[in-house]
Amino acid sequence: MNQRQPIPQLGLVLIALFALSILFASANSDALRLAYHPEGDFTRVILAAPGNRTYTATSRGKTLTIRLEPFNAVRQRGLVNTPQVESWSLEPKNGYGVLTLQTRVQLGARNFKLFALPAADGLPTRIVADISGSSSAAPSPSKPASTRAPQKPRLTVVLDPGHGGIDPGGVAYVTEKETALDVALKVRKLLEAAGVTVKMTRTGDYAWQGVGGCDKGCDLDKRADMGSTDRNAFISIHVNAAANPNAQGVMTFLFGKSPDPETLAQAERENGGGSTGKVLTAQASGIARSLLNDQLGRLNATFSRRLANGIQNNVIAQTKAVNQGVKQAEFWVISKPRIPSVLVEMGFATHPEEGVRLGTSAYRQRIAAGIARGTLAFLGL
Ligand SMILES: [Zn+2]
């Protein structure tokens with residue numbers, strides 16, 4: 001299939017024309033997702049394109065047009081505040097649809113990438129546009145000088161203190177649900193002071209679990225759902241436990257396949273333990289496999305790893321705890337978010353010294369400072 005957009009006026013220069021005609025095969029619902037990624041200073045636009053579709057994309061100056069055929073979406077438009085994108089509209093025409101993005105930056109080969117991702121396990125085919133760069137003429141990645149430059153968007157971090165309500169988590173020298181909440185509230189204070197918007201999955205001793213038939217999996221889903229793509233990072237906060245009282249130290253996880261049976265057992269415990277934990281962990285393992293086969297999934301994992309490294313290194317610097325490093329495992333709560341997501345195990349409730357330290361406000365404050373510093377560095381703040 002070959003489509004051409006006529007150039008509407010003389011004098012307009014076609015800077016780039018992508019004529020990618022791809023036959024898609026999938027079925028799902030239509031959706032546009034647009035998110036600013038501070039970790040790389042770019043805006044990613046994802047247009048879900050289920051069904052058999054062809055598309056043609058044209059960029060000219062500060063306008064990107066993607067024509068999808070066939071298409072029967074309802075007319076929608078929106079303003080966005082990212083350094084790269086100003087507004088978007090999705091309009092149905094006779095049998096086809098047009099997505100138009102108004103950008104703040106001139107679209108060129110250096111700052112604009114467009115690609116299609118094939119359908120993968122439950123995800124439809126997606127057309128992805130990544131737009132980077134700043135609108136000021138002089139490239140100034142660290143110190144924007146132009147007064148006309150758009151404001152940096154307000155960044156949002158989701159903090160998830162693990163457990164709560166009927167689920168205390170690990171109980172030894174400290175109770176996990178209490179320690180996790182206290183540290184999360186301290187992190188919130190520090191992030192808010194730096195201008196970050198913070199959303200908490202809970203701010204008290206409660207959870208979805210046990211309310212209205214919501215089980216552990218449902219509880220974890222509700223938390224994970226807060227990691228929507230309009231947010232910038234998802235951080236789940238936990239305390240570790242082990243049968244061996246000598247086990248101690250801090251570890252930070254991103255989502256992925258466990259490297260060994262011990263880590264897998266830890267994921268099963270955090271996923272609810274018992275048969276629930278086994279079922280959720282097995283499902284999460286399937287998600288980990290399909291994410292590995294998905295370009296966006298792999299990209300998000302690299303950002304999650306960067307966030308995990310930042311948090312781990314800063315928590316170790318603040319607490320001088322034993323450094324157990326950054327790992328990956330099938331934690332359900334970080335399997336779903338399509339934004340950089342990590343799970344921090346702040347120390348072992350079962351260690352006679354670390355467990356006692358975890359009970360003190362001063363030590364929790366140091367952990368919180370480490371998590372906040374790592375997060376702010378990741379966000380470029
Ligand atoms: Zn936990």
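Side notes on the structure shown:
- Considering the conditions (1) away from the ligand (no atom under 16 Å from the Cβ); (2) touching a Leu at 6+ places or on another chain (Cβ under 9 Å); (3) not basic (K, R), A329 is excluded by exactly one of them, (1).
- Filter result (closer than 21 Å to Q312 by Cβ and over 22 Å from the mean Cα position of the chain (by Cα)) within segment 266-288: Q266, R269
- Counting the residues of segment 256-269 that are crowded, with 16+ Cβ neighbours inside 10 Å and either among the acidic types (D, E) or farther than 23 Å from A308 by Cα (or both) gives 1.
- Of the residues N246, N232, the single one that is more than 16 Å from the ligand (Cβ to nearest atom) and crowded, with 22+ Cβ neighbours inside 10 Å is N232.
- For segment 209-223, a residue qualifies if it is modelled with pLDDT under 95 and in contact with a helix residue (DSSP H, G or I) (Cβ under 6 Å, 6 or more places away or on another chain), and the qualifying residues are Q209, K216, G217.
- Contact map, segment 328-341: residues that are more than 16 Å from L299 (Cβ to Cβ) paired with residues that are buried (at least 22 other Cβ atoms within 10 Å of the Cβ) and hydroxyl-bearing (S, T, Y), Cβ distance under 8 Å, separation 6+ or inter-chain. Pairs shown: A329/S258; E330/S258; E330/T281; F331/S236; W332/T281; V333/S236.
- Total residues in segment 300-324, condition within 20 Å of the chain's Cα centre (by Cα) and not in a helix (DSSP H, G or I): 0
- Segment 70-97, residues that are closer than 16 Å to V45 by Cβ, in a strand (DSSP E or B), modelled with pLDDT under 85 and of a type outside the set (D, E): Q76, R77, G78, L79, S87, W88, S89, L90, G97
- Hits in segment 270-299 - residues which are within 16 Å of the ligand (Cβ to nearest atom), part of a helix (DSSP H, G or I) and either without any contact (Cβ under 8 Å) to a residue 40 or more places away in the chain or surrounded by 17 or more Cβ atoms within 10 Å (Cβ to Cβ) (or both): E270, G274, G277, L280, T281, A284
- Qualifying residue in segment 187-202 (condition: part of a helix (DSSP H, G or I), under 23 Å from S290 (Cβ atoms) and either in contact with a Lys or Arg (Cβ under 7 Å, 6 or more places away or on another chain) or not charged (D, E, K, R) (or both)): no
- Boolean, E192 is away from the ligand (no atom under 16 Å from the Cβ) and either crowded, with 24+ Cβ neighbours inside 10 Å or without any contact (Cβ under 8 Å) to a residue 40 or more places away in the chain (or both): yes
- The condition of being within 19 Å of Y36 (Cα to Cα), within 16 Å of the ligand (Cβ to nearest atom), outside any loop (DSSP other than H, G, I, E, B) and in the same structural domain as A369 (by TED's automatic domain parsing) does not hold for F253.
- Test: residue in segment 200-215 that is of a type in the set (A, V, I, L, M) and over 21 Å from the mean Cα position of the chain (by Cα): yes
- Checked against (1) surrounded by fewer than 20 Cβ atoms within 10 Å (Cβ to Cβ); (2) of a type in the set (K, R); (3) within 16 Å of the ligand (Cβ to nearest atom), R306 meets all criteria but (3).
The values are calculated or read from the model by the stated rules, or taken from the named source; none is laboratory data. From a predicted model like this one, the values you see are computed outputs, not experimental measurements. Don't worry about glycine lacking a Cβ; one is built from the backbone with ideal geometry, like all the others, and counts go over all protein chains shown.
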